[in-house]
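What follows is one structure encoded as structure tokens, with my remarks underneath.
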Amino acid sequence: MTEVAEQQSRTTAGRRSLWTRTVGSLSSRQVNLLLAAATSGAVVTGLVSWAVGTGWSRWWTALHATCGVLVVVLAPAKARRSVRAGMRRRRPTRWISVAFGVIVMATVALGFAHSTGVWTGVGYWTSLWTHFLLAFASVPLLVWHLWSRPVRPKAVDLDRRLLIGGGAAAAAAAVTVAAVEGAVRVVGLDGAERRFTGSHEIGSFDPDVMPTVSWIDDRAPATRPEDWELRVDGLLVPLDDLRSSARPVDAVLDCTGGWWSEQRWDVVPISELLAGDAASFDVMSATGYARRFPMRDAESVFVAVGYDGRRLRRGHGAPVRIVAPGRRGPWWVKWVVSIEPTDRPWWFQLPFPLT
Ligand SMILES: Nc1nc2c(c(=O)[nH]1)N[C@H]1C(S)=C(S)[C@@H](COP(=O)(O)O)O[C@H]1N2
Ligand SMILES: [Mo]
């Protein structure tokens with residue numbers, strides 16, 4: 001639609017709605033800027049909500065949802081302005097942009113499915129993990145899209161229209177998130193029972209029902225538990241010693257795949273195995289998977305050998321795994337073979353493992 005035609009359709013529609021006067025008055029450059037902000041904001045808040053295991057996570061999750069809905073709120077404006085013009089230009093690469101748009105919408109739809117609980121996925125393909133995989137796949141497309149059609153913010157874009165239009169769109173997104181949250185409660189969908197991290201509960205105090213998962217593609221090692229060697233600061237720690245000194249601690253494992261489960265773990269605090277004044281300690285799995293913790297957490301991070309007085313299942317990390325209350329799933333290293341003090345700071349590692 002041309003500017004003139006758009007103007008006419010507005011006048012024929014009679015009184016201009018609040019929406020047309022706010023979001024409708026954004027220029028196509030401004031819509032693009034807001035979309036770039038919403039998508040990058042969604043990436044950042046999504047990753048932070050994964051890294052945070054405490055009550056703060058709630059706000060990151062809410063902000064993340066708002067960014068996602070903001071993309072949907074702006075989609076019609078985007079379609080009316082740049083998409084039509086872009087398709088008319090018939091560049092062969094327009095299909096990459098179309099694919100990008102479809103993936104973004106599918107990502108938002110999966111996030112919606114997860115958070116409302118209408119569909120939480122099957123097996124490995126939980127709706128949240130699939131949501132992440134699609135988002136991850138879309139990042140190169142996003143980079144290409146921005147690079148091939150650069151929207152350099154200009155001072156003229158930062159006008160009252162952007163403030164009012166962007167504000168209205170963001171407010172609409174926030175209200176939608178709150179309304180969906182409320183509706184989920186009223187209708188009694190599974191999403192109402194979610195933890196502050198956004199995860200759904202599965203198999204608490206029932207280890208047989210608790211899922212066994214890996215971060216990406218890690219696999220249980222073949223070594224038999226009776227041949228297992230656990231080394232702490234280089235010294236062999238007999239598993240029987242751990243088993244006899246273990247005591248129960250209730251703790252929630254909250255997987256970034258979007259589920260959580262509480263168990264009564266049989267544990268020994270790391271501080272009882274490791275002494276000294278190193279800055280951090282490295283926990284290594286037989287598979288090569290590893291995480292580094294700050295030494296101040298040695299009292300609140302545990303090695304577990306069982307739950308409910310039973311031994312761990314292989315899938316749950318037998319014979320020894322980490323139990324790290326308040327930290328998200330990736331920290332709960334399974335099949336531990338070594339715990340080593342180190343002077344490197346705990347944050348000197350990838351934020352998430354690579355396997
Ligand atoms: N060695 C190893 N430990 C691991 C993982 C992994 O892939 N490899 N995945 C982590 C993640 S992301 C989660 S959620 C928990 C899952 O533990 P579970 O399989 O006992 O439910 O293990 C953690 N520990
Ligand atoms: Mo996980």
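The values are calculated or read from the model by the stated rules, or taken from the named source; none is laboratory data. Predicted model only: the values in this text are computed from it and were never measured. Cβ coordinates were reconstructed from backbone atoms using ideal geometry, including for glycine residues, and neighbour counts include every protein chain displayed. To get the accessible areas, we keep the full protein, side chains included, count just its heavy atoms, and leave off ligands, DNA and RNA. Shrake-Rupley method; radii C 1.70, N 1.55, O 1.52, S 1.80 Å.
When Ala179, Ala222 are screened for being over 18 Å from the mean Cα position of the chain (by Cα) and either in a helix (DSSP H, G or I) or of a type outside the set (Gly, Ala, Ser) (or both), only Ala179 passes. Restricting attention to segment 309-331 and to residues that are away from ligand 2 (no atom under 16 Å from the Cβ) and open to solvent by less than 20 Å² (accessible area, probe 1.4 Å), the residue that is nearest to Asp282 (Cα to Cα) turns out to be Val320.
Looking at segment 23-31, is at least one residue in contact with a strand residue (DSSP E or B) (Cβ under 8 Å, 6 or more places away or on another chain), crowded, with 18+ Cβ neighbours inside 10 Å and not assigned by TED's automatic domain parsing to the domain that holds Trp260? So far as segment 23-31 goes, no, none of its residues is in contact with a strand residue (DSSP E or B) (Cβ under 8 Å, 6 or more places away or on another chain), crowded, with 18+ Cβ neighbours inside 10 Å and not assigned by TED's automatic domain parsing to the domain that holds Trp260.
Filtered by the rule that a residue be within 24 Å of His64 (Cβ to Cβ) and among the hydrophobic types (A, V, I, L, M, F, W, C), segment 83-107 gives Ala99, Phe100, Val102, Ile103, Val104, Met105, Ala106. Taking the listed residues Ala38, Ala65, Ala113, the one that is open to solvent by less than 70 Å² (accessible area, probe 1.4 Å), assigned to a helix (DSSP H, G or I), modelled with pLDDT of 95 or more and within 17 Å of Leu141 (Cβ to Cβ) is Ala38, with no other qualifying. Listed by first and then second residue, the pairs with beta-carbon distance under 6 Å, at least 6 apart or on different chains, first residue in segment 207-225 and of a type in the set (Gly, Ala, Ser), second more than 15 Å from ligand 2 (Cβ to nearest atom), are Ala220/Arg314. Does segment 240-252 contain any residue that is within 14 Å of ligand 1 (Cβ to nearest atom), hydroxyl-bearing (Ser, Thr, Tyr) and open to solvent by less than 70 Å² (accessible area, probe 1.4 Å)? No; the residues of segment 240-252 include none that is within 14 Å of ligand 1 (Cβ to nearest atom), hydroxyl-bearing (Ser, Thr, Tyr) and open to solvent by less than 70 Å² (accessible area, probe 1.4 Å).
Here is a check on your reading of the model: is Gly53 touching an Asp or Glu at 6+ places or on another chain (Cβ under 9 Å) and open to solvent by less than 30 Å² (accessible area, probe 1.4 Å)? For Gly53, the condition - touching an Asp or Glu at 6+ places or on another chain (Cβ under 9 Å) and open to solvent by less than 30 Å² (accessible area, probe 1.4 Å) - is met.
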